[in-house]
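Derivation of every value follows stated rules applied to the coordinates shown; laboratory data play no part. Source: prediction; values computed, not measured. Neighbour counts run over all protein chains shown; Cβ positions are idealised from the backbone, glycine included.
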Amino acid sequence: MKPRSGRWHIIYSIIVSALQAAAIAVLIIVVLPLFGINIPVWGIVSILTAYAVFAYIMYRISHPTVLFKPVTEPETIVGKEGVVEVELNPAGYVRVEGELWKATCPVGGLHKGDIVVVTGMEGLKLTVGKKTPVL
């Protein structure tokens, strides 16, 4: 599976943060003086700097979540290939799509490193079979 790119999130974050900073500046420079509230230049710079720091922190917190694989139904794992991690005789563990699963093999006798195919799922336990080479 191709890793997800976070580039769109970077661009979106920059555009939205710039628009929000502009809206804050307009509010401070245009709207507040209409109500007799005048903020000095150093106050405006301080407010916009505080907003920029806040936006950066929110970006750093949210960006890693963009890169996570979406969670799918466990049943979609049927038909996928995996690798035996703990010998299946008849029960053991296999790694499928980077996740470790408890598995059983009706035939048994599969050793660590063998390639298997998921043939079924019961609860959180997989049923697997040895992958046969395609001719």
Cleavage-rule hits (chymotrypsin sites (Phe, Trp or Tyr not before Pro)) in region 62-129: DSSP loop, at most 12 neighbouring Cβ within 10 angstrom: Phe68
Among the listed pairs Lys80/Lys131; Lys80/Lys130; Lys69/Lys102; Lys80/Lys125, those beyond 18 Å (Cα-Cα): Lys69/Lys102
Taking only C-alpha positions in region 92-135, Rg and Dmax in angstrom work out to 10.2, 34
Lys, Arg +1 and Asp, Glu -1 on Cβ, resulting dipole of region 74-130 about Cα centre, debye, nearest 20: 100 debye
I'd like to know which of Leu67, Val96, Val41 lies farthest towards the positive end of the charge dipole of the chain, counting +1 on Cβ of Lys and Arg and -1 on Cβ of Asp and Glu. Val41
Contour minus end-to-end for Ile44 and Glu85, with contour as 0.36 nm per residue of separation and end-to-end as the Cα-Cα distance? 8.8 nm
Show me the ranking of peptides 76-82, 31-37 by mean Cβ neighbours inside 10 Å, starting with the highest. 76-82, 31-37
Between the Cα axis of helix 41-66 and the main Cα principal axis of the chain, the angle (0 to 90°, nearest 10) is 10 degrees
If one compares the long axis through the Cα atoms of helix 7-26 with the longest principal axis of the Cα atoms of the chain, the angle in degrees, nearest 10, works out at 20 degrees
Compute, for the chain, the length of the dipole vector about the Cα centre, with Cβ point charges of +1 (Lys, Arg) and -1 (Asp, Glu) only. Units Debye, rounded to 20. 260 debye
Only helical DSSP H runs with n ≥ 4 go in: add -39500 (n - 2.57) per run for the chain, normalise by residue count and round the 222 nm mean residue ellipticity to 500 deg cm²/dmol. -12000 deg cm²/dmol
Correct choice for P(r) over Cα pairs in 5 Å bins from 0, in percent that was computed from the model, options (1) 2, 9, 14, 12, 8, 7, 6, 6, 6, 6, 5, 5, 5, 4, 3, 1, 0; (2) 2, 10, 18, 21, 16, 12, 9, 6, 4, 2, 1, 0; (3) 2, 9, 18, 23, 21, 14, 10, 3, 0: (1)
